[in-house]
Amino acid sequence: MKKVMLIASGGGHFTELKQFSRIIESNNCLLVTEKASNTKDSEYNTKFLKHISRSDLFYWPIYFYNSFLSAFYFFGFNPQVVISTGAHTTIPTMLLAKIFKKKLIYVETYANVYKPTRTGKFIYKHCDLFIVQWEEMLKHYPNAVYGGSIF
């Protein structure tokens, strides 16, 4: 049984992450996400970060707080694999995964059909497996794998 850390910001990114229920239920998994209305009652082993939005007045202090907290979760759990559906809050954990030679899997969001996300553009070159849900995204990520919709 593998130790798998799944990390996503709240909202739709977390909804996408929960689509990996077979992985979650058949491995030793830890989900990390922002505390939000759709995450607070997660049925899985879940740790929470502070909710953050780019429009928050204190975006950067919250971002750094979440970075340290997610690093604490990462080192405490010591996963073999990190899976993410984004966004901003997940970048420090994904970078830790690469620094410590863990497998990194990223799934570009279903919400973007033609334009890559900031997180996707940044993390693409660091991933062991980069999955897109729209064939149109392969022109932005030529080494990605088209996986179709995860819904």
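The values are calculated or read from the model by the stated rules, or taken from the named source; none is laboratory data. Nothing here was measured: the structure is a model prediction, and the numbers come from that model. Counting neighbours? That spans all protein chains shown, and the Cβs are built from the backbone with ideal geometry, glycine included.
Looking only at segment 55-103, which residues are in contact with a helix residue (DSSP H, G or I) (Cβ under 8 Å, 6 or more places away or on another chain), of a type in the set (Ser, Thr, Tyr) and farther than 19 Å from ASN27 by Cα?
Across segment 55-103, the qualifying residues are TYR63, SER67, SER70, THR89, THR90, THR93.
Within segment 51-79, can you find the residues that are assigned to a loop (DSSP other than H, G, I, E, B), loosely packed, with under 14 Cβ neighbours inside 10 Å and not aliphatic (A, V, I, L, M)?
Listed by number, the residues that qualify are SER53, ARG54, SER55, ASP56, PHE58, ASN78.
For residues in segment 132-151 being under 17 Å from PHE14 (Cβ atoms) and not hydroxyl-bearing (Ser, Thr, Tyr), which is surrounded by the fewest Cβ atoms within 10 Å (Cβ to Cβ)?
Among them, the one singled out is PHE151.
Across segment 82-131, what is the total count of residues that are crowded, with 17+ Cβ neighbours inside 10 Å and more than 27 Å from SER55 (Cα to Cα)?
Residues flagged as crowded, with 17+ Cβ neighbours inside 10 Å and more than 27 Å from SER55 (Cα to Cα) within segment 82-131 amount to 8.
Name the residues in segment 12-38 that are surrounded by fewer than 18 Cβ atoms within 10 Å (Cβ to Cβ) and within 21 Å of SER67 (Cβ to Cβ), would you? Break it down into steps so the answer makes sense when it comes.
Here is the first cut: in segment 12-38, the residues surrounded by fewer than 18 Cβ atoms within 10 Å (Cβ to Cβ) are 12, 15, 19, 21-23, 25-28, 35-38.
Matches in segment 12-38: LYS35, ALA36.
Please verify whether LEU57 is free of Cβ contacts under 8 Å to residues at least 12 places away in the same chain and over 19 Å from THR15 (Cβ atoms), treating the condition exactly as stated.
Yes; evaluated as a whole, the condition is true for this residue.
When you go through (1) touching a strand residue (DSSP E or B) at 6+ places or on another chain (Cβ under 6 Å); (2) surrounded by fewer than 17 Cβ atoms within 10 Å (Cβ to Cβ); (3) in contact (Cβ under 8 Å) with a residue 24 or more places away in the chain one by one for ASN45, which number turns out not to apply?
Every listed condition holds for ASN45 apart from (3).
Do we find a residue being touching a Gly at 6+ places or on another chain (Cβ under 9 Å), of a type in the set (Ser, Thr, Tyr) and farther than 18 Å from ILE23 by Cα anywhere in segment 91-111?
So far as segment 91-111 goes, yes, one or more of its residues are touching a Gly at 6+ places or on another chain (Cβ under 9 Å), of a type in the set (Ser, Thr, Tyr) and farther than 18 Å from ILE23 by Cα.
Residues being charged (D, E, K, R) and part of a strand (DSSP E or B): count how many of those fall in segment 7-50.
Looking only at segment 7-50, we keep the residues that are charged (D, E, K, R), and these are 16, 18, 22, 25, 34-35, 40-41, 43, 47, 50.
Still in the running and part of a strand (DSSP E or B): 34, 47.
So the answer is 2.
Among the listed residues ILE83, ILE123, identify the single one that is part of a helix (DSSP H, G or I), β-branched (Val, Ile, Thr) and over 13 Å from SER9 (Cβ atoms).
Matching residue, one of ILE83, ILE123: ILE123.
For the subset of segment 114-151 comprising residues that are among the aliphatic types (A, V, I, L, M) and at pLDDT 95 or above, which member is nearest to LEU96 (Cα to Cα)? Quick ask: steps written out before the conclusion?
Going residue by residue through segment 114-151, those that are among the aliphatic types (A, V, I, L, M) are 123, 129, 131-132, 137-138, 144-145, 150.
From what's left, at pLDDT 95 or above: 123, 129, 131-132, 137-138, 144-145.
Details: ILE123: 12, LEU129: 16, ILE131: 20, VAL132: 22, MET137: 26, LEU138: 26, ALA144: 21, VAL145: 23 Å.
Per the stated criteria, the residue is ILE123.
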